[in-house]
1. Only one of R29, R38 is within 15 Å of the chain's Cα centre (by Cα) and under 27 Å from E124 (Cα atoms). Can you tell me which?
2. Name every residue in the stretch 52-104 that is at positive phi and either modelled with pLDDT of 95 or more or in contact with a Phe, Trp or Tyr (Cβ under 7 Å, 6 or more places away or on another chain) (or both), in order of residue number.
3. Please enumerate the residues belonging to the stretch 23-45 that are part of a loop (DSSP other than H, G, I, E, B) and either in contact with a strand residue (DSSP E or B) (Cβ under 7 Å, 6 or more places away or on another chain) or loosely packed, with under 15 Cβ neighbours inside 10 Å (or both).
4. Exactly one of (1) closer than 30 Å to R10 by Cβ; (2) more than 16 Å from the ligand (Cβ to nearest atom); (3) touching a residue at least 12 places away in the same chain (Cβ under 8 Å) is unmet by P47. Its number?
5. Please go through (1) under 21 Å from G36 (Cα atoms); (2) in contact with a Cys (Cβ under 6 Å, 6 or more places away or on another chain) for C118 and return the number of the only condition it doesn't satisfy.
6. Within the stretch 69-105, which residues are of a type in the set (A, V, I, L, M), exposed (fewer than 14 other Cβ atoms within 10 Å of the Cβ) and away from the ligand (no atom under 16 Å from the Cβ)?
7. Step by step: first the residues of the stretch 106-140, then only those that are away from the ligand (no atom under 16 Å from the Cβ) and among the β-branched types (V, I, T), then the one that is modelled with the lowest pLDDT. Which residue is that?
8. Sort out which residues of the stretch 106-135 are touching a Leu at 6+ places or on another chain (Cβ under 7 Å) and surrounded by fewer than 14 Cβ atoms within 10 Å (Cβ to Cβ), and write them in order of number.
Amino acid sequence: MTDVFTKEKRKWIMSRVGGVNTKPEKIVRSFLHAMGHRFRLHRADLPGKPDIILPKHRKIIFVHGCFWHGHAKCHRSKRPSTNEIFWNSKIDRTIRRDKRVLSDLKKIGWKVLIIWECETKKTELMVRKLENFIDEKKVR
Ligand SMILES: [Zn+2]
């Protein structure tokens, strides 16, 4: 996969993104913005009230917290050892809901990308993931 940005442009994009304490969703939003994409937020008329909607591409991005959404094999999603039953049922419920939302969105023709909280700390990888997702040709 070739880089769609020049070195200068990429540098500029990186410089526009806030510090390490910025909320994951905000990080993704500022990258998309810097990449020149138009998007909408939290459209309540869509299943799961998606975080970021790219109407032109008919694509959706969810930014998931690793803990709450149970990111598999991620150290951030380690479940607490106290109140185990409570946490397990809560997180398992969220995972099930996420799966349902994903399939509902696909059924009505949306493409969906999940960006995990831990991925927003690895900017190069995340930008690549976003680029690949958005540039991907519409398959129908
Ligand atoms: Zn994670």
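1. On the way: R38 fails: within 15 Å of the chain's Cα centre (by Cα).
On inspection, the qualifying residue turns out to be R29.
2. Going residue by residue through the stretch 52-104, those that are at positive phi are 58, 70, 73, 83.
Once the filter is applied, which keeps residues that are at positive phi and either modelled with pLDDT of 95 or more or in contact with a Phe, Trp or Tyr (Cβ under 7 Å, 6 or more places away or on another chain) (or both), the stretch 52-104 yields only R58.
3. Passing the criteria: K23, G36, H37, R38, F39, H42, R43, A44, D45.
4. That leaves (1) as the condition not met.
5. For C118, the failing item is (1).
6. Across the stretch 69-105, the qualifying residue is only I85.
7. Within the stretch 106-140, the first condition is being away from the ligand (no atom under 16 Å from the Cβ), and the residues that meet it are 106-112, 124, 127-128, 130-140.
Now narrow it down to the ones that are among the β-branched types (V, I, T): 108, 112, 127, 134, 139.
Details: I108: 96, V112: 97, V127: 93, I134: 93, V139: 50.
Per the stated criteria, the residue is V139.
8. Within the stretch 106-135, none qualify.
The values are calculated or read from the model by the stated rules, or taken from the named source; none is laboratory data. Bear in mind that the values here come from a model prediction, so they are computed numbers and not experimental data. Note that each Cβ is placed from the backbone with ideal geometry, even for glycine, and that neighbours are counted across all protein chains shown.
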